[in-house]
Amino acid sequence: MTDPVRKRIRQLIGEKNLDLKSLSLALGKNHAYLQQYLERGIPKELNEKSRMLLAEQLDVDEAELGAPRAAWQGKPTAADQEQIPEIDVHAGAGGGGFTALESHSSNGMTFSREVVRDHWRLPDWILFSLNAKSGNLAAFPVQGDSMAPTLMDGDVVFVDTRVRQPSPPGLFVLADEFGGVIVKRLEVSSNPGDEDIMVRVGSDNPNHMTKDLRLDEISIVGRYVGRFTR
């Protein structure tokens, strides 16, 4: 099985150099219980008691092992303490520039407090599956249908604000000329050695136009890593 919870459990067991048989017995199960769970997907999910006992043995929060939000117990993990800001995409609109940004560095962007309308918290196993750290992420609501059917109006995208170069190609959040933000698909369209680096700015909805801009004409906020959809 390759789902994120099993992948995380395997990682933790390997990091702590633990034995599957001993762990299974510690859960009050037969010696092959965890091997069957990890390799054959039996059972499909850990029950609440097994998840709690396994979290104790691995010294992690139950959230890392797939516990629902309501079932989180014990001290919060570092990832649970770190909040991901959700940016009000209307806050800077009409300002003639990206007014939401406070500062940026190799570790990502910091946004002005007045444009942060809420916060997200993601458990460690989700961050692990996204290959991201919460301190480097920001969340942006999607507006309009330009990226349909990939992204729909009302979705919330999570963006790694450390990654602000369109290579390799992919989805990025951009600051537009009116001070708002948009999601677009970016790909370098110029050839190596060309004087200007040109980037193709496209939409997944064929009803919206594609254009080529110089890299220095584009304000990239970060690379898309995942989304919440209703």
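R0 = 22 Å: FRET efficiency of Arg113 with Asp145, Cβ-based, nearest 0.05?
Working: r = 31 Å, r/R0 = 1.40.
With R0 = 22 Å, the Cβ-Cβ based efficiency is 0.10.
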(request) Arrange Tyr224, Tyr37 by Cβ neighbour counts within 10 Å, fewest through most, would you? (result) Tyr224, Tyr37
(message) Taking a ≥ b ≥ c as the square roots of the Cα gyration tensor eigenvalues, with a/c under 1.5 meaning rounded and otherwise prolate when a/b beats b/c, else oblate, which class fits the range 134-184?
(response) rounded
(request) Give the order of Arg6, Arg230 when sorted by the count of other beta carbons within 10 angstrom, beginning with the fewest. (result) Arg230, Arg6
(message) Only counting other Cβ atoms within 10 Å, I'd like Val183, Val201 sorted with the fewest neighbours first.
(response) Val201, Val183
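Suppose R0 equals 45 Å; then what is the FRET efficiency for Arg40 and Ser167 from their Cβ-Cβ distance, rounded to the nearest 0.05?
On the way: r = 40 Å, r/R0 = 0.89.
It comes out at approximately 0.65.
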(message) At a 10 angstrom cut-off on C-beta neighbours, averaged per residue, how do the peptides 190-197, 57-64 rank from highest to lowest?
(response) 57-64, 190-197
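Using mean Cβ contacts within 10 Å as the protection proxy, how do 134-141, 28-35 order, highest first?
Details: 134-141: 21.2, 28-35: 15.4.
Result, highest mean Cβ count within 10 Å first: 134-141, 28-35.
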(message) Quick check: pseudo-label points 7 Å beyond the Cα along Cα→Cβ at Asn207 and Trp120, how many nm apart are they?
(response) 2.6 nm
(message) Testing the spin-label approximation: label points 7 Å from Cα along Cα→Cβ at Phe228 and Asn191. State their distance in nm.
(response) 4.7 nm
(request) Set Lys and Arg Cβ to +1 and Asp and Glu Cβ to -1, take the dipole of the range 82-228 about its Cα centre, and tell me which of Ser190, Ile84, Asn207 lies farthest positive. (result) Ile84
(request) Pop out the ³J(HN,Hα) list for the range 202-218 in order, Karplus 6.51 cos²θ - 1.76 cosθ + 1.60 with θ = phi - 60°, rounded to Hz; leave Gly and Pro as x. (result) x, 10, 7, 7, x, 7, 10, 6, 10, 9, 10, 10, 5, 4, 6, 8, 10
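Read-outs: derived from the displayed coordinates by stated rules, not from any lab. Being a predicted model, the structure only gives us computed values, none of them experimental. When we count neighbours, we look across all protein chains shown, and the Cβ atoms used for this are built from the backbone with ideal geometry, even at glycine.
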